[in-house]
Amino acid sequence: GLRIIAEKQIHPEFREGYISLFNTKNVLREFHKGNQRLSHDLMITRDGKNWHWMRIDAHVFYSPDDDSVHMFTYRKNIDAEKRKEALANIDEMTGCYTKTATERMIDRALVRHPDTAYAFFIFDIDNFKRANDGFGHAFGDLCIREFSSRIRKHFREHDIVGRIGGDEFVAFIPIPNIAWAREKARELVSALNFVCSDGKGQWQVSASIGVAIAPEDGKRFIEMYRSADAALYQTKQGGK
């Protein structure tokens, strides 16, 4: 029953967490440990297209009337709360997640799904100092906004795309295999090669990319970052 609900209503990112928390064996295990309250935040849909945040609070208790353990659950729509929270985690200039939010979300995904294959992409604008020095910081900001917009267009709404430095961005997504990640990197290299113009001046933008794969290259954000950054360094050394 839990799995049917999960497959029909719950976003793929939260399905296994939902099932593992509320399955009978785990509920009884928690109850016998003295934990009578369980809670889980997830994204849910009614039509398969529109998603909203829901919090499931469960109270587990023993009833002597039928000598059974019961679980009473309460669903609460927390979409407004989550969206307000999300705004605080958004970089104002680019619309990407802030560095702190990015690190927290990636660590949470890696802990919740340790066996899932993920790709961690790190993007860096080549020779960005030349844009600032040659055209000014306002023009440099324009290039960063266009750069980040192009990155975001190549990922889904629920993928993690963050700005972790001035002109440095990361993206973190579940992948079917390494070949898919390679092809995605090629696609992004092409998409991030463009001319930035403000009507007065123009500058050729290009990007170097480093990629790390979880769990092989790390099981925490900092490990993934170091692996992807090392790959990025090789890209820079090889001619960008």
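Axis of helix 79-88 versus longest Cα principal axis of the chain: the two differ by about 30°, to the nearest ten degrees.
Ordering 18, 233 by how much accessible area each has at a 1.4 Å probe, largest first, what is the list?
Working: 18 15, 233 140 Å².
Ranked list, largest accessible area first: 233, 18.
Residue 137 contributes an accessible area of around 130 Å² to the protein surface, as traced by a 1.4 Å probe with all chains present. Using a 4.7 Å Cβ-Cβ cutoff, the cysteines of the chain lacking any partner cysteine are 96. Using a probe of 1.4 Å, the accessible surface attributed to residue 198 totals some 80 Å² when neighbouring protein chains are kept in position.
Computed FRET efficiency, Cβ-Cβ of residue 40 and residue 180, R0 25 Å: what is it to the nearest 0.05? Please list the in-between numbers first.
On the way: r = 30 Å, r/R0 = 1.19.
Efficiency for this residue pair is about 0.25.
On full extension, the segment bounded by residue 93 and residue 8 gains 26.9 nm, given 0.36 nm per residue less the C-alpha separation.
Based on DSSP H segments of at least four residues, each scored -39500 (n - 2.57), the chain has a per-residue ellipticity at 222 nm of -14000 deg cm²/dmol. In summary, segment 13-53 shows an alpha-carbon radius of gyration equal to 1.42 times the 2.2 N^0.38 Å reference for compact globular proteins.
Ranking 103, 16, 157 by solvent-accessible area of protein heavy atoms (1.4 Å probe, all protein chains present), from largest to smallest, gives 157, 16, 103. Computed over segment 66-169, the alpha-carbon pair-distance distribution with 5 angstrom bins reads 2, 10, 17, 18, 15, 12, 8, 6, 4, 3, 2, 2, 1, 1, 0, 0, each value a whole percent. The alpha-carbon positions of segment 1-88 define a convex hull whose volume is 114 Å³ per residue.
Would you rank 227, 208 by solvent-accessible area, highest first, keeping every protein chain in place and using a 1.4 Å probe? It would help to have the intermediate numbers written out before the result.
Numbers: 227 40, 208 0 Å².
These residues rank, largest area first, as 227, 208.
Normalised by residue number, the volume inside the convex hull of the Cα atoms of segment 180-219 is 74 Å³ per residue. Normalised Debye scattering of segment 127-167 at q = 0.18, 0.19, 0.21, 0.27 Å⁻¹ gives log10 I(q)/I(0) of -0.55, -0.60, -0.69, -0.92, counting only Cα atoms as equal scatterers and leaving out solvent. Take the Cα of residue 63, step 7 Å toward its Cβ, do the same at residue 132, and the gap between the two points is 6.5 nm. Computed over the alpha-carbon pairs of the chain, the distance histogram in 10 Å steps reads 7, 26, 29, 20, 11, 5, 2, 1, 0 percent, short to long. Across the accessible surface of the chain, with the other protein chains kept in place and a 1.4 Å probe, carbon and sulfur atoms take up 49 percent. Helix 99-112: angle to the longest alpha-carbon principal axis of the chain, degrees 0 to 90, nearest 10? With rounding to tens, the tilt is 40 degrees.
The share of alpha-carbon pairs in segment 83-133 lying farther apart than 18 Å comes to 51%.
In summary, segment 104-240 shows an alpha-carbon radius of gyration equal to 1.07 times the 2.2 N^0.38 Å reference for compact globular proteins. Taking all protein chains into account, the per residue accessible area for the chain stands at 58 Å² (1.4 Å probe). Principal axis analysis of the Cα atoms in segment 157-208 yields extents of 44, 21, 19 Å, listed in decreasing size.
The values are calculated or read from the model by the stated rules, or taken from the named source; none is laboratory data. Just so it is clear, the structure is predicted and the values come from calculations on it, not from any experiment. Note that we place each Cβ from the backbone using ideal geometry, even for glycine, and neighbour counts take in every protein chain shown. Remember, those area values only see protein heavy atoms, side chains included, never the ligands or the DNA or RNA. Shrake-Rupley method; radii C 1.70, N 1.55, O 1.52, S 1.80 Å.
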